[in-house]
Amino acid sequence: MNKAITDGLVLMPPPFADGLNLWSREDGEPGQGSYAGQPNAAFVPADSDFGGALELQKTQATQKLRCFQQIPIQPGLYLQVTVRVKCISGAFPAVRIAGWAGRSNGTNVPGVVQAGPSVQLTQYGEVVELTAIIGTGERGGVTMAWGVSAVYGHIGLDLTGTNGGVVRVDDIAIEDITGIYLRDIFDAVDVRDYGAHGDGVTDDTAAFDAADAAALGRTITVPAGTYLINGNLTIENPIRFQGTLIQPANVRLALTRNYDLDSYTSAFGNELLGFRKALQALFYFTDHVALDLSDRRVDLVEPLDVAAICGLTTFAQRRFLTNGQLNAVAGPAWDTDVVTSVGTYNTSNPTRLSGVANIANIPIGARVSGTGVGREVYVVDKNLGTGNITLSLPLWGGSGTRTFTFERYKYLLDFSGFEDLSRFEVDRMDLNCNGIASGIMLPRIGLTITMTASVFNRPKDRAITSIGSGCQGLIVDGCQFWSNEQPLLAQNRTSIALNINANDAKIRDNRVVRFAHFAVVNGGGHLFLGNHFFQGDSATAGIRRAGLVITQTNPRMTFSGNYVDNCWIEWSNEHDVDPNFTSGFGFGGLTVVGNHFFASDVAPWFRWLVIAPKGSGQFVHGLSVSDNTFRTINGSVDRAEGVDTTNGTLDYGRFRNITFATNAFNGVSQIAMSPLTIQHSQNSVSDTWVVDGGAFMPFGSWARNTQSLVMEGAVLSSSGAENFVMPYVVNEQGAAKNQVNLRWPSPVRGKVLATIRCDNPT
């Protein structure tokens, strides 16, 4: 590359034969004195070594020689200055190539080196050749780096040392040697050409900005070195790193053409730091919505507080984290924080604990446990001044002062620092928790956060945790959840795949292996479709746990196409501040259709659908269980459904709108059905026929309604005469109220098909 050829730049200063008025005895600025007519300077036309030459006697401490001509200086342009000189008489001076660096406003560039190394002359008549390289960047061999503010130079030499000596100077030569510094002269822009130092001390932000502005689609190269970037930096062109950057934690780097983990790892020389910086940029940079980890693994030695990394508490634009693995590496940073404290609960303020002792040590995001506390209740916020804690969900145990335990699990990705985060997506990620860490903690408030095609591998405590309403519209689709507790018996497991507090979750096509629970779900409007979750173990007649725990009495939930393996659906009201029913909805709004329920090696008392009421007066109002298959192997179970009466019972007299029909039962001793069509044969005459459908009524409920009666054949009196009258029905008969009496005007015998329901339809 030669700018004199390609861009027509005039780089050579004038020969001395053109006149000494073209040469300054000062810095070369306009109006300064020249050597024309000076007694210590003359042009020698026929020197034996140089031909035409300048003869100059040293009369000043620093005898300057500068051309008045402005030699152009540009970013990326490197000039080699060559001077040949000899001493012919008098004291021997020292010689150095020197210049004056000029800015566009005509002033000198401050703080830059403007003289090269000095060479002492020692023999008369000996020709000494000096060279120096001048350019904008601090590159190897550059003698004078003038930075990007230099646009021209007055170039020449200095004589230093003892006065009186006479020297002769050949014409000064300047040539463009930029090509020796460029690996690819057509598509590379080197940050050093724009003033980058790479010394780890000088702030190189402006140099990177300048290189990016000049690149115009070419690749920016960052040679070996350590580059301090103190300001937010956006690079709009492709960039390639050999050197590394250092940045304050709150300063962002946005690589718009290289937005992936590989580039950020190269930029910072460390995969974890690169990931943190790339994640930080994701929440500011608008040209890319996805951070691609490039199929790479990032080892995490501590939880990632995403809000702290990004310096934000709210964000509502769609963003992706995709295509890689986060791998937990053992260390004390993953240890669970456990605090025990006394607090007061009042049902009039159902999501508050007041007067909490030791509140400063209780972290936001801690799970709360204690008497009367349902599963998956978390600390959403706290007020140190008032001693109050805000809970994610109410407690069911009533008002009172008691001791609570607060456990803060540690997560690979912790979004709890966000007050509000929406539309964030995790796609094709492997969250490798290794039994060391939990997976993802959602923000306190959020909307439509999505997890797709990802693997949650061996979370220590939780895979996905919602501590507030950050699960609103949560989508978990096509993910795998592998428990860290697979070798344990089911009753000894404590880990949970996910919990939901808010509404409208879509949990679809996931595979969940041997957790204590698959999901603990509050809120309503949820879809659970096509999931396979299994929680068995190797024990014969083993104890099993609930797979899906519904804690809302009216969840408005559809549960369809799922494979429920060695676990059950538990439906409770454990997050109800007043579990005794007084008003509102009972247990209802649940549709369980087209699922496969399976169990092996379980005890006869095992059930697949269990209602576990807290308090008194609860009832079922709106439940459809249809077209499911219930099957056991290696043993049988008594029933498919049941009621856990540990903390409450159901009021069967208030059952409404229940369908439990068209299900298939294998290995189940007693099927459940409502409406139930049952054949009753009355072989002896009686005016009261007792139709017993009690064993079939779901959840041990009552025979509350007889929907139809159809006689099979004639109804005969004791004499064999046909009887054409109809009986009337008396429901809720027998000690368990699960029988129906048909009352006839006179004793008769015969057969009847009775359709009985456990509910009233309205």
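Results, tabulated for the structure shown:
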| quantity | calculated |
| --- | --- |
| Förster-model FRET efficiency, 56 Å R0, A17 and Q480, C-beta, rounded to 0.05 | 0.10 |
| Theoretical gain in end-to-end length, N361 to R654 [0.36 nm per residue, Cα-Cα removed] | 100.8 nm |
| Span from the the stretch 342-386 Cα centroid across to the the stretch 593-617 one, whole angstrom | 32 Å |
| Cβ crowding within 10 Å averaged over residues, with 244-252, 201-209 ranked highest first | 201-209, 244-252 |
| Potential extension, A213-M711 segment - 0.36 nm per residue separation minus Cα distance | 170.0 nm |
| Fraction of beta bridges assigned by DSSP in the chain that are antiparallel (%, nearest 5) | 45 percent |
| The stretch 317-389 - Rg over Rh from alpha carbon coordinates, Kirkwood radius | 1.10 |
| Segment D337-S626, length gained on full extension (0.36 nm per residue, minus Cα span) | 99.6 nm |
| Rounded tilt (10° steps) of 205-215 against the dominant C-alpha axis of the chain | 90 degrees |
| Rg over Rh [alpha-carbon atoms, Kirkwood Rh] for the stretch 180-310 | 0.96 |
| Between helix 271-282 and the chain: long-axis angle, C-alpha atoms, 0 to 90°, nearest 10 | 80 degrees |
| Kirkwood Rh (inverse of mean 1/r, distinct Cα pairs), the chain, angstrom | 32.9 Å |
| Proximal lysine pairs, the chain, alpha carbons under 29 Å, eight or more residues apart or interchain | 14 |
| Spin-label zone in the stretch 462-488 - amide nitrogen under 16 Å from a point set 7 Å from the Cα of D430 along the C-beta vector | 479-483 |
| Neighbourhood net charge (14 Å Cβ-Cβ; Lys/Arg +1, Asp/Glu -1) for C310 | 0 |
| Estimated FRET transfer efficiency (T122, D187; beta-carbon r; R0 51 Å; 0.05) | 0.60 |
| Cα→Cβ-extended label distance, 7 Å offset, between D295 and S681, nm | 7.1 nm |
| Net charge contributed by nearby residues that have their C-beta within less than 9 Å of G615 (K/R +1, D/E -1) | -1 |
| Computed helical MRE - 222 nm, the chain, DSSP H runs ≥ 4 contributing -39500 (n - 2.57), nearest 500 | -1500 deg cm²/dmol |
| Three principal axis lengths of the stretch 676-757 [C-alpha, angstrom, descending] | 42, 21, 18 |
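Each value in this text was obtained by applying a stated rule to the coordinates, not by laboratory testing. Given the structure is predicted, the values throughout are model-derived calculations rather than measurements. Glycine also receives a Cβ, built like all others from the backbone with ideal geometry; neighbour counts cover every protein chain displayed.
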